Structure formats: structure tokens, C-alpha cells
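One structure is given below, encoded as C-alpha cells.
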Amino acid sequence: MLKKSFLAVFTLLILTACSNKNEEMSAEDSAKVIEDGTVGFEMMGGNIEKASNVPSEDEKAILAAFDEYIAAFNAKEIDRYMETISKNPKGFNYEEEKKYTTEVFDQSDVKRDANDTTIIKYSANEAQVHSNMALHLVQTKTNVKHESAGQQVTVFVKEDGGWKVTSVYYIGDDSKSSTGN
């Protein structure tokens, strides 16, 4: 029963902590997402290239918004975290995000590590930030640990004079995942 509870919390974290759209889709579906402009690189092994059209002021603001999104999550400060989220997100429901993330914070010690953070797509009102993401989670009641890693694209929109998370796309690397005590 405790393992089921842990798996439920972990699944909740991966699939809904910032409502990650876990990209388990066909190559055809993946191409359609890219064509529609939803994600700026192919999630299944595409090359990561920095967008060349990002003004330096926006680059600093977008990367600072991304850093705050990660820092607020790692601090387990729900109000601060929700300040990084768009009030009208495209990829998830704001109130559900708050509820689910609060549950994750309450039931686990969790930390995200982002590396190789790169703005891969930019327009005046939207930016896509790619990072290699590692997740470290320990369920507090059972001490069950989970480690995972993958690639994440965090989509930001310009809102209220700042950059806010509107959707997240994540694909895990099964070879870097582990669960245990």
C-alpha cells in the first residue's frame, strides 16, 4: 500500500508538477506539435540550439524567471512557486496545479536540478527554455527515494510585465531513473 501511495505521489509530480506533458507520443504526433509551434525542438533526441533572436534584456529576464521557477519549487514555497506560473496557462489548470504541487510538497522532500539551460525559441510574447532536469524525491512517510532525469522544455509567456510558465514538456530518461529505500 505504501509503495502504491509513493507511486501515486511520484506520478502526480512527474505528470502534474507544472503539469508536465510527458511526451510519450509517436514521431508523427511529435512532428505535428513542432509544426504547430508548441515545442521548439524535437523531444526525441533533437539537437539543442540557442535561439539567435533573443534580445539580451529579455534573455536575462527569461533565464531569471526560469531560475525563480526552479528555486521556488525547491524551496517548497507554494505561493512563491505559483507566482512563477501564468494565471491563464495553456498546458494545465492553475488551481489544479496549486493543489497538486501543495500535495507533493506536503508528502515529500523534492528537488529539481536544471542544467544546460538554453532558450531555444523566442518571440516577443513567448519563450521556450530547454534544460536537462534531474528530480530527487523522498516520500517523507516511507523514506522511499526516487531519482529521475530527462529533458524539459518550459514554455513562458509575457504576462503582467514578466515571464510566467504556461506549459511544460518533459521526457524522462529511463536509464537514469531509480526507486528504492
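What follows draws every value from the coordinates through simple rules; no lab data is involved. Here the structure is a predicted model, which is why all the values come from computation and not from measurement. So basically every Cβ, Gly included, is an ideal-geometry build from the backbone, and we count neighbours across all protein chains shown.
For the reader, a short list of remarks on this structure follows.
- Of the trypsin sites (Lys or Arg not before Pro) found in segment 93-181, those in coil by DSSP whose Cβ has at most 16 other Cβ atoms within 10 Å are LYS141.
- Cross-link pairs LYS90/LYS164; LYS50/LYS164; LYS98/LYS145 - those with Cα-Cα distance over 18 Å: LYS50/LYS164; LYS98/LYS145
- Estimated inter-spin distance, ASP160 and GLU68, nm [label 7 Å along Cα→Cβ]: 1.0 nm
- Estimated distance in nm for a label pair at SER123 and LYS145, the labels positioned 7 Å out from Cα along Cα-to-Cβ: 4.4 nm
- Given their separation in residues at 0.36 nm each and the Cα-Cα distance between them, LYS60 and GLU95 gain 9.7 nm when the chain is fully extended.
- Cα pair distances in segment 83-167, grouped into 10 Å bins until the bin that holds the longest one, percent each: 16, 38, 36, 9, 1
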